[in-house]
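The values are calculated or read from the model by the stated rules, or taken from the named source; none is laboratory data. The shown structure was predicted, so the numbers you read here are calculated from the model rather than taken from an experiment. Reconstructed Cβ throughout: ideal geometry from the backbone, glycine too, with neighbour counts over all protein chains shown. Calculation scope for accessible area: heavy atoms of the full protein, side chains included, ligands and nucleic acids excluded. Shrake-Rupley method; radii C 1.70, N 1.55, O 1.52, S 1.80 Å.
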Amino acid sequence: MLYYPKHYCGVFGIFGHPNAAELAYYGLYALQHRGQESAGIVTCHEGKFLKHHGMGLVSQVFNPRILRDLVGTMAVGHTRYSTTGSSQLRNAQPLTVECTRGQIAIAHNGNLTNSAQLRDELENHGLVFQTTVDSEIILMMLAQPSLNGAQNTLVQTLRRIEGAYSLVIMTEKEVIGARDPHGFRPLCLGRVDGAWVVASETVALDQIHAEFVREVAPGEIMVINDRGLVSLHAFPEHTRRAFCIFEYVYFARPDSTINGHSVYEVRKEMGRQLAREHPVNADLVVPVPDSGVCAALGYSEESGIPFEMAFIRNHYVGRSFLQPTQLIRDFDVRVKLNLIGSLVKDKRVVIVDDSIVRGTTCKARVKTLKEAGAREVHVVVSCPPHMNPCVYGIDFPDRSKLMAANYSRDEIRQYLNADSLYYLSRAGMVKATGQAAQAFCMACYDGHYPVPYDPVLDKHIIERRKRQAQTLGEAVEKDREQIKLLQV
Ligand code: AMP
């Protein structure tokens with residue numbers, strides 16, 4: 001199995017506010033959906049960095065006393081989720097470093113596609129990494145001394161890293177927001193009480209009553225300091241845009257606006273489009289909460305079939321630490337979502353979800369509906385089939401576990417035990433965004449990766465480094481034996 005890095009993240013930065021940490025806390029609260037594994041905030045007070053981070057949700061990591069101690073008028077914050085098996089506190093962001101040009105903190109959303117090569121190169125120059133995250137590579141490169149000043153190092157670093165990044169960087173004097181030239185992940189700019197704010201999504205601005213100013217443009221580097229905001233452009237103007245369309249389908253919060261389009265409206269339009277492409281004779285439209293709600297509303301509106309919230313979500317379900325027994329499977333199915341059986345009994349039901357990845361969730365929902373006496377269950381999905389893994393930061397498994405990459409639509413329908421199964425077309429999905437197809441990365445659907453990624457090269461580098469480590473271990477062992485001989 002090839003290794004694909006997977007990180008979701010939310011980033012936040014603020015410059016020039018007396019309650020910087022508190023606003024960062026509320027901003028991160030609004031970005032919690034982008035990462036639930038760890039959270040952290042770094043502030044800068046009189047040239048000194050103050051940091052707190054921990055594993056868990058924003059509300060679990062911080063309390064009023066911790067926030068009070070995080071004094072300073074600048075802050076950078078991060079929420080992280082990773083599935084690479086590296087869920088450790090040392091990987092929690094923002095990462096910080098102290099170097100010749102002072103302290104630097106970084107919060108990163110996205111995945112680099114040349115991280116193995118860069119890490120290898122930096123290690124060969126004697127640098128030692130403390131974490132396994134891509135962001136540390138950027139931090140190490142930023143910490144390198146440069147004869148031409150810090151901004152030059154920043155531009156050089158961003159020109160060398162490839163893939164997806166929306167970054168918030170803090171130095172002792174400034175907060176910097178930067179977005180990769182393709183603009184894979186969102187990043188926006190706001191103002192509150194005269195302070196500047198940079199955040200992954202507009203919902204974080206709403207949360208702190210900040211006014212939305214504009215998006216950070218793909219390839220733009222925004223440097224914010226006491227003199228104001230300066231915008232640098234370090235990349236060719238005509239770099240292909242590649243915003244992740246899955247942010248509109250599932251990942252971003254529906255109350256965010258991206259590229260001038262309300263995510264809620266786009267999702268609803270995906271549902272309407274789905275109803276135009278795939279009309280079904282049915283009595284009820286039922287969403288899978290929460291991800292399918294907007295599309296189901298659109299489907300119901302367009303088809304005229306009544307909408308019912310037949311599945312009710314329990315909002316207080318945390319992680320379960322039980323073993324994967326039948327009990328835990330039932331826990332997942334019934335405690336997170338409970339069905340109001342009387343609504344669906346003897347009815348022909350259209351169930352709407354945003355995506356089918358492994359198929360597990362959908363299969364469980366169809367089963368619950370049929371057990372409750374639904375006469376027919378038709379599954380409609382508000383995006384096309386997922387055929388390929390994402391290498392730019394969304395957690396999709398490798399191809400072997402992606403249902404649509406291995407089975408035909410009818411085989412999937414049979415697996416789900418559904419009466420019919422329909423996906424939104426690629427053109428329909430794009431149309432619902434109100435933007436041109438060229439604006440998007442749709443690699444998970446069409447296999448066209450806008451920035452090349454070579455997992456075989458990565459694998460080769462990783463194996464070579466393992467061999468080097470082994471040889472080094474053997475040499476150390478030989479040295480020890482020599483020393484022992486000399487001591488005798
Ligand atoms: P499954 O088909 O069981 O793997 O899960 C699909 C469900 O997970 C859908 O209802 C989506 O809302 C949700 N989903 C889709 N993509 C992701 C993702 N990358 N991470 C977490 N959940 C996802």
Problem set entry | Among (1) assigned to a helix (DSSP H, G or I); (2) open to solvent by less than 10 Å² (accessible area, probe 1.4 Å), the one test that residue 140 misses | (2)
Exercise. Assigned to a strand (DSSP E or B), touching a residue at least 60 places away in the same chain (Cβ under 8 Å), closer than 29 Å to residue 265 by Cβ and hydroxyl-bearing (Ser, Thr, Tyr), is that true of residue 422?
Worked result: yes
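Any chance you could count how many residues in region 162-175 are closer than 18 Å to residue 219 by Cβ, open to solvent by less than 10 Å² (accessible area, probe 1.4 Å) and not aromatic (Phe, Trp, Tyr)?
Within region 162-175, residues that are closer than 18 Å to residue 219 by Cβ, open to solvent by less than 10 Å² (accessible area, probe 1.4 Å) and not aromatic (Phe, Trp, Tyr) number 6.
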Seminar exercise, completed: A careful count of residues in region 389-424 that are touching a helix residue (DSSP H, G or I) at 6+ places or on another chain (Cβ under 6 Å), open to solvent by 10 Å² or more (accessible area, probe 1.4 Å) and away from the ligand (no atom under 13 Å from the Cβ) gives 2
For this session: Being at pLDDT below 75, within 16 Å of the ligand (Cβ to nearest atom) and open to solvent by 30 Å² or more (accessible area, probe 1.4 Å) is the filter here, so list the residues in region 1-20 that pass it.
Result: 4, 6
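Residues that are among the hydroxyl-bearing types (Ser, Thr, Tyr) and open to solvent by less than 60 Å² (accessible area, probe 1.4 Å): list the strands (runs of 3 or more DSSP E) wholly contained in region 43-116 that include at least 1 such residues. So that I can check it myself, show each step before the final result.
Values: elements: 48-55, 74-82, 95-99, 102-109.
Result: 74-82, 95-99.
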Exercise. Are any residues in region 244-291 more than 16 Å from the ligand (Cβ to nearest atom), of a type in the set (Val, Ile, Thr) and outside the structural domain of residue 390 (by TED's automatic domain parsing), and if so, which ones?
Worked result: 257, 258
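Which one is nearest to the chain's Cα centre (by Cα) among residues in region 228-261 that are of a type outside the set (A, V, I, L, M, F, W, C) and under 25 Å from residue 422 (Cβ atoms)? Even if it seems obvious, please write down each step before you answer.
Pass one, region 228-261, residues of a type outside the set (A, V, I, L, M, F, W, C): 228, 231, 233, 236-241, 247-248, 250, 253-257, 259-261.
After this cut, where a residue has to be under 25 Å from residue 422 (Cβ atoms) as well, the list is 247-248, 250, 254, 261.
On the way: 247: 9, 248: 12, 250: 11, 254: 15, 261: 19 Å.
Among residues in region 228-261 that are of a type outside the set (A, V, I, L, M, F, W, C) and under 25 Å from residue 422 (Cβ atoms), the one nearest to the chain's Cα centre (by Cα) is 247.
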Problem set entry | Residue ID - farthest from residue 317 (Cα to Cα), chosen from residues in region 345-360 that are away from the ligand (no atom under 14 Å from the Cβ) and not in a loop (DSSP other than H, G, I, E, B) | 348
Exercise. Hey, any hits in region 196-214 for a residue that's surrounded by fewer than 22 Cβ atoms within 10 Å (Cβ to Cβ) and closer than 25 Å to residue 151 by Cα?
Worked result: yes
Exercise. What pairs can you find where one residue is in region 361-383 and within 12 Å of the ligand (Cβ to nearest atom), the other is part of a strand (DSSP E or B) and of a type in the set (Gly, Ala, Ser), and their Cβ atoms are less than 8 Å apart, with a gap of 6+ or different chains?
Worked result: 379/420
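Out of region 444-459, which residues are modelled with pLDDT of 85 or more, among the hydrophobic types (A, V, I, L, M, F, W, C) and assigned to a helix (DSSP H, G or I)? Outline the logic, then answer.
As a first pass, look at region 444-459 and keep what is modelled with pLDDT of 85 or more: 444-452.
Still in the running and among the hydrophobic types (A, V, I, L, M, F, W, C): 444, 451.
Within region 444-459, just 444 meets the criteria.
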Exercise. Could you say whether any residue in region 337-344 is crowded, with 18+ Cβ neighbours inside 10 Å, modelled with pLDDT under 95 and within 11 Å of the ligand (Cβ to nearest atom)?
Worked result: yes
For this session: State whether the residues of region 27-37 include one that is of a type in the set (Lys, Arg), in a strand (DSSP E or B) and touching a residue at least 24 places away in the same chain (Cβ under 8 Å).
Result: no
